[in-house]
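The values are calculated or read from the model by the stated rules, or taken from the named source; none is laboratory data. Computed from a predicted structure; not experimentally measured. Note: ideal-geometry Cβ built from the backbone for every residue, glycine included; neighbour counts use all protein chains shown. These area figures cover heavy atoms from the full protein model, side chains too; ligands, DNA and RNA do not enter into them. Shrake-Rupley method; radii C 1.70, N 1.55, O 1.52, S 1.80 Å.
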Amino acid sequence: MTPMHRPSFALMAETGPGTVRLRVTGDLDHETTGELVGAVRLHLGGRQAPDDLHLDFAALSTCDSTGLSGLLLVHRLAVARGTRLHLDDRPPFLERFLDITGTLEHLTAPPAEESPGRAEDSGRRPGAV
């Protein structure tokens, strides 16, 4: 059985030295978010993860709560691989959605750098709460 996708969604990947750009076209919602997350997993899953992951939203039409959840997951995946996440060409509706949900700064802030030995000194493993 072939999965059905609405024609209003497409992803196009471009890769270069140390970078991946995914151009997102159409609706990022409950029907399409899995495809974006899957593409991110594919591009971050290699032996050498890219330094930068750019999600280009210039052609994004809509984003619902599942799309937001997917963006938060993409952020976690990128941080886990040491990849900087960039949300490029955000349309005003996405900017507002991220702002009112309190996720804009979280998703767009530069990664925090942990000082060497900090995790070992605290007795916790890196990433543990």
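Here ASP88, ASP64, ASP56 are screened, and the one residue that is under 23 Å from ALA112 (Cα atoms), open to solvent by 30 Å² or more (accessible area, probe 1.4 Å) and at pLDDT 95 or above is ASP88. Residues of the range 35-45 that are among the aliphatic types (A, V, I, L, M) and either open to solvent by 60 Å² or more (accessible area, probe 1.4 Å) or under 11 Å from LEU77 (Cα atoms) (or both): VAL37, VAL40, LEU42, LEU44.
In the range 9-34, the residues that are assigned to a strand (DSSP E or B) and open to solvent by less than 30 Å² (accessible area, probe 1.4 Å) form Cβ pairs under 7 Å with partners that are among the basic types (Lys, Arg) and modelled with pLDDT under 95, at six or more places apart or across chains, as follows: ASP27/ARG6.
At pLDDT 95 or above, more than 18 Å from SER8 (Cβ to Cβ) and either open to solvent by 90 Å² or more (accessible area, probe 1.4 Å) or in a strand (DSSP E or B) (or both): is that true of HIS75 in this structure?
no
Which residues, taken from the range 1-53, are within 23 Å of GLY82 (Cβ to Cβ), among the polar types (S, T, N, Q) and modelled with pLDDT under 95? GLN48, the sole residue that qualifies.
Quick check on my filter: what residues within the range 91-110 are closer than 21 Å to GLY34 by Cβ and either modelled with pLDDT under 95 or part of a helix (DSSP H, G or I) (or both)? Those that are closer than 21 Å to GLY34 by Cβ and either modelled with pLDDT under 95 or part of a helix (DSSP H, G or I) (or both): LEU94, PHE97, LEU98, LEU107.
Of the residues in the range 40-72, how many are assigned to a helix (DSSP H, G or I) and β-branched (Val, Ile, Thr)? Within the range 40-72, residues that are assigned to a helix (DSSP H, G or I) and β-branched (Val, Ile, Thr) number 2. Only one of the numbered conditions (1) open to solvent by 60 Å² or more (accessible area, probe 1.4 Å); (2) of a type outside the set (Gly, Ala, Ser); (3) touching a His at 6+ places or on another chain (Cβ under 8 Å) is violated by PHE93, and that is (3).
Only one of the numbered conditions (1) farther than 25 Å from ASP99 by Cα; (2) among the β-branched types (Val, Ile, Thr); (3) touching a helix residue (DSSP H, G or I) at 6+ places or on another chain (Cβ under 7 Å) is not met by VAL37, and that is (1).
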